[in-house]
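Contents: one structure, followed by commentary.
The values are calculated or read from the model by the stated rules, or taken from the named source; none is laboratory data. These figures come from a predicted structure and were not determined experimentally. Cβ atoms come from the backbone with ideal geometry, glycine included; neighbour counts cover every protein chain shown. Heavy atoms of the whole protein, side chains included, go into the accessibility calculation; ligands, DNA and RNA do not. Shrake-Rupley method; radii C 1.70, N 1.55, O 1.52, S 1.80 Å.
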Amino acid sequence: MPSSSVVPLDDPTLLFTNAGMNQFKDIFLDTVRPAYTRAVNSQKCIRVSGKHNDLEEVGKDTYHHTFFEMLGNWSFGDYFKAEAIQWAWELLTGVWGFDKGQVWVTVFGGDSADNLEPDTEAEKLWAEVTDISPERVLRFGRKDNFWEMGEVGPCGPCSEIHFDLGPERCDKKGQPGHICQVNGDCGRFIELWNLVFIQFNRDELGQLKDLPDKHVDTGAGLERLVAAMQNKSSNYDTDLFMPIINAISDLSGKSYSSQLGNRTDNAFRVISDHVRTLTFAIADGALPSNDGRGYVLRRILRRAARFGLVLDMHQPFIHKLVPTLVGYMEHAFPELTKRAEHVINVIRAEEESFGRTLERGMDIFEVDVAELEKANLSELPGERAFRLYDTYGFPLDLTQLMAEERNLTVDVAGFDKLMQQQRERARDAQKSVIYEADALGQILPKTPDDEKYKTNVLTGRLLGYVQEDRFVSEGAVPKNTKVGLVLDRTCAYAEAGGQVGDRGTIAIVSGDIIFTFDDTLRIGSATVHFGETDSETLSVGDEVTVTIDLVREDIRRNHTATHLLQWALQKVLGSHAHQEGSLVCAEYLRFDFTHPKAMTAQQIHEVEQLVRKKIAAGAPVNSRVMPIDEARQLGAMALFSEKYGELVRVLSIGAETASNLDDAFSREFCGGTHVHNTHEIGSFKITREESVATGVRRITAMSGRLLNEMLYRQNDRIDDLTRILKCTPEQLADRVQALIADNKKLKKQYKKGSQSDLKTAGQQLLDKSKTIESSRIIIGTIPAASVEVIRSQIDWLRKKAKSAVVVLATATEDGKVLLFAAVTDDLIEQGLKAGDIVKHIAPVVGGGGGGRPQMAQAGGKNPDKIDEALEAADKFITTKLS
């Protein structure tokens, strides 16, 4: 089986695919029956969050990674412990040639909390089916030998295979009391392979339930195996990492010596690991952002960039490593080649953005250091270090390095406490994800739904209804209560692939009782119609008629128009413009795609023209279900955020029949509803083009009936404007341009007058200002003006006076107050700060504000109190400077 995406599909319990078994979860839960009972694969994995989080260990040792490849062999209700153990031993020692005298294994030693006995079966099998020495089979508890994918889901005892690399590989030599041992804390013993025996399912309450079948899930880390087989002392010294490390060396001019504890070598390891994670995650559709998996990616990128400073790389560099990685990994993962340009664009933009964030973080660090020095303290508090980590992406070890340069230490214990609290919050959030959908999906009856492509009306029978997390299969449907009806057949389309679920009604065949549903969802293998009824006589077992709302026709038009838009974008922008997501509803269509910059007006016009030509041409629209490999060979495009089975539905536009897809100009994997001929779309118009994430643009567009209605409304607005401006529609643009030019001219005249008035007022305040030890205290009111002009005047006063504190107030045209304070650097050193001044006086005018020591601003709502506020400022400043 091929690797699944590192971005989990249809699994809200995971941020990233963290194990090879993720794609087989439905098989383990018995919600999907596999077409095979044995499988092997190499899965792309990322472990940076939740239960499995190796981020903080990366760089410090030779074997931890955020991205790695997990080799696995699987049994779905077929072979079990005996075969898994025998074959693992045979492969390791017989085929790969590992020394039997260096191999150790562990088995599950039981757990009282879960009321589980030791796995004596596996323990005995190691002695029976292999020739390993019995003393090399060790028992360990739940932490080491009970495997769980997450807080909920399939799990079971495991047997781990460890390899003794030799006493020379111990990195804790000389530490008092240290003993080299399996599952110890040094580098001598390393885990190579984990044989997991999936027997249980842990539910949302934490309870273990026996699975219907027993399964085998084994996982061997490619990076560790390669290091052992190539006789390397570090994973990073293998050909999986050295091309990147050499590229980093070329960029930085620094050399890598493979030493642990060396600041430069640690940076090489961190960067080479993180660029792999970023490249594979972005290639699979993830994007840096401020929440969820996007936030994790942003943190990883910033961590790599910050370690780049250790190598004196102060300009964006991570994106330059992507071609090297793609060059030697694309043979195994061809998706990298297709997405390389997109990955480079996203990383480059994020690096440039972080450059600005890094400057702000350094400023914060300098402020923290100044406060410590002023208080004669030598330790940066844990909460300050954590703020730099959490907000600005500063890893703890690099904050420590910056602190060392200033002869300071960091409260690591305080930082660790806050980090642990954050991890607990993340785990709690993960546990709170609604897992009931998995459990519910197992008990709901399967709904055949092929009729959704054929008709808008059909008759079926009510099998039951979903209320919260329960399925009720008898009695009446509750009145005026949101529930989901499950029928034995339906023509409703359940939300999927960006298309919204159908709306409509369900009525008793023999009566007029109506259930109105406003959404249709797929739960497990069931199609569920969510809505409510105002009657108590709709009951399980009733024969009912499903009628789909006519807005389905608008959805059809928009969905086919989306496919035309994808085709046109690649024609105009290039093949890199891949779909990242979409929303298809009755009112409009929304389409996200990869592109590094905003589209020009000309490009938008060209895309619209191409789509309209295909609409006018009346191209036939056909669909065909076929094996996924055959569909890919035909060039059918797939969406990265969708999960596909062995059979896929291919939607083609331009081929006369579904059997001859070679003639189609558009071929995409799609399970949605569509028009039969592009002419049915009627019309098409892009209404907005915007950015939604780094390297991803979004188009919003309309088609058909609702577009026409929108255009009629727009025409009414144009009529209103032409009447107000007394011009024809053709003259509108020129008339508006003239008004804008006049407005700019008036603003310029107003600004010039304001500057003149302010300069006069400022000179008067300077002339009558008092002096405290050669420093001028400039306080007073000034005429209303823009903030920009006032700040310019304050800068002029500071330069004129050289040593000064300035406090100005003005009443705005809308009856409010603006307060400004500025302090020169010599007075800041004496403890006077602009931010403190405005915080002290702003409450007098009924407001608040703040700012930097040099310049601060506040607002208020009581202009009658301006004189009182200025008097308070005078007293505050005099007291401070005296």
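Treating r as the C-beta distance of A738 and L711 and R0 as 22 Å, the FRET efficiency rounds to 0.25. Gyration tensor analysis over the Cα atoms of the stretch 516-593 returns equivalent ellipsoid semi-axes of 37, 13, 9 Å (largest first, whole Å).
Please report Rg over Rh for the stretch 829-873, where both radii come from the alpha carbon positions and Rh follows the Kirkwood definition. Display every interim value, and only then the final one.
Details: Rg = 10.4 Å, Rh = 10.4 Å.
Computed over Cα atoms, the ratio is 0.99.
Each residue of the stretch 498-503 was assigned a 3J(HN,Hα) from its phi angle through the Karplus expression (A = 6.51, B = -1.76, C = 1.60, θ = phi - 60°), giving x, 8, 5, x, 5, 10 Hz with x at Gly and Pro. Shown for the stretch 122-221: the carbon plus sulfur share of the solvent-accessible area, taken with all protein chains present and a 1.4 angstrom probe, equals 47%.
Order the following by accessible area, largest value first: S289, S473. Probe radius 1.4 Å; ligands, DNA and RNA are ignored. Before the final figure, lay out the partial values.
Numbers: S289 35, S473 70 Å².
The residues order as S473, S289, largest area first.
Taking amide H as placed 1.01 Å from N in the peptide plane, I772 has its amide H under 5 Å from the amide H of I777, each at least 5 places away in sequence or on another chain.
Overall, the ratio between the Cα radius of gyration of the stretch 219-327 and 2.2 N^0.38 Å, rounded to two decimals, is 1.08.
The calculated FRET efficiency for the pair S258 and V367, based on their C-beta separation and a Förster distance of 30 Å, comes to about 0.20.
Eigenvalues of the Cα gyration tensor times 5, then square-rooted: what semi-axes does that give for the stretch 331-391, in whole angstrom, largest first? Please list the in-between numbers first.
Working: eigenvalues 318, 32, 8 Å².
Over the Cα atoms of the stretch 331-391, the ellipsoid semi-axes are 40, 13, 7 Å.
Rolling a 1.4 Å probe over the protein heavy atoms leaves W796 with an accessible area of roughly 70 Å².
So what's the back-of-envelope 222 nm ellipticity for the chain, counting only DSSP H runs of four-plus at -39500 (n - 2.57) apiece and dividing by all residues, rounded to 500?
Numbers: 23 runs with 330 residues, N = 882.
Computed mean residue ellipticity for the chain: -12000 deg cm²/dmol.
What the Cα atoms of the stretch 70-216 give is an Rg and a Dmax of 16.1, 51 Å.
Straightening the chain between T357 and S691 buys 118.2 nm, computed as 0.36 nm per residue apart minus the Cα-Cα spacing. Accessible area of I724 (1.4 Å probe, protein heavy atoms only, ligands and nucleic acids ignored): about 120 Å².
State the extension gain, in nm to one decimal, for the chain segment bounded by S289 and Q830, taking 0.36 nm per residue of separation less the distance between their alpha-carbons. If you can, show how the numbers build up before the last one.
Details: separation 541, 0.36 × 541 = 194.76 nm, distance 4.18 nm.
In short, 190.6 nm is gained.
Out of all DSSP beta bridges with both ends in the chain, state the antiparallel percent to the nearest 5. Once the DSSP bridges in the chain are tallied, antiparallel ones form about 90 percent. Kirkwood radius and radius of gyration were both taken over the C-alpha atoms of the stretch 701-751, and their ratio Rg/Rh is 1.20. Peptides 270-278, 121-129, 516-524 ordered by packing proxy, namely the average of other Cβ atoms within 10 Å per residue, highest first: 270-278, 516-524, 121-129.
Relative contact order, whole percent, for the chain stands at 7, derived from Cα pairs under 8 Å and 6 or more residues apart. Sorting the segments 486-494, 257-265 by their mean number of nearby beta carbons within 10 angstrom, highest to lowest, gives 486-494, 257-265. The trypsin sites (Lys or Arg not before Pro) of the stretch 781-882 that DSSP puts in a loop, and whose beta carbon has at most 15 other beta carbons within 10 Å, are K802, K861.
Accessible area per residue for the stretch 256-329 is 30 Å², calculated with a 1.4 Å probe on protein heavy atoms, without ligands, DNA or RNA. A Förster radius of 41 Å, combined with the Cβ-Cβ distance separating H314 from F665, puts the computed FRET efficiency at roughly 0.30. Across q = 0.18, 0.21 Å⁻¹, the stretch 732-882 modelled as identical point scatterers on its alpha-carbon atoms has Debye log10 I(q)/I(0) values of -1.00, -1.30, in the order of the q list.
Applying the criteria of a DSSP loop state and at most 10 other Cβ atoms within 10 Å to the GluC sites (Glu not before Pro) of the stretch 693-799 yields E773. Rg then Dmax, both in Å and based on the Cα atoms of the stretch 275-407: 17.0, 59.
Take H64: with every protein chain present and a 1.4 Å probe, its accessible area is about 30 Å². With the simple model of a label 7 Å out from the Cα in the direction of the Cβ, E656 to V457 spans 3.5 nm.
Taking H676, H65 and ordering them by how much accessible surface each has at a 1.4 Å probe, largest first, produces H676, H65. Pairwise Cα distances in the stretch 732-814 exceed 21 Å in 41 percent of cases. Heavy-atom accessible area, probed at 1.4 angstrom with all protein chains present, ranks W74, W96 as W96, W74, highest first. Evaluated over the Cα positions of the chain, the convex hull gives a direction-averaged projected area, one quarter of its surface, of 47.7 nm².
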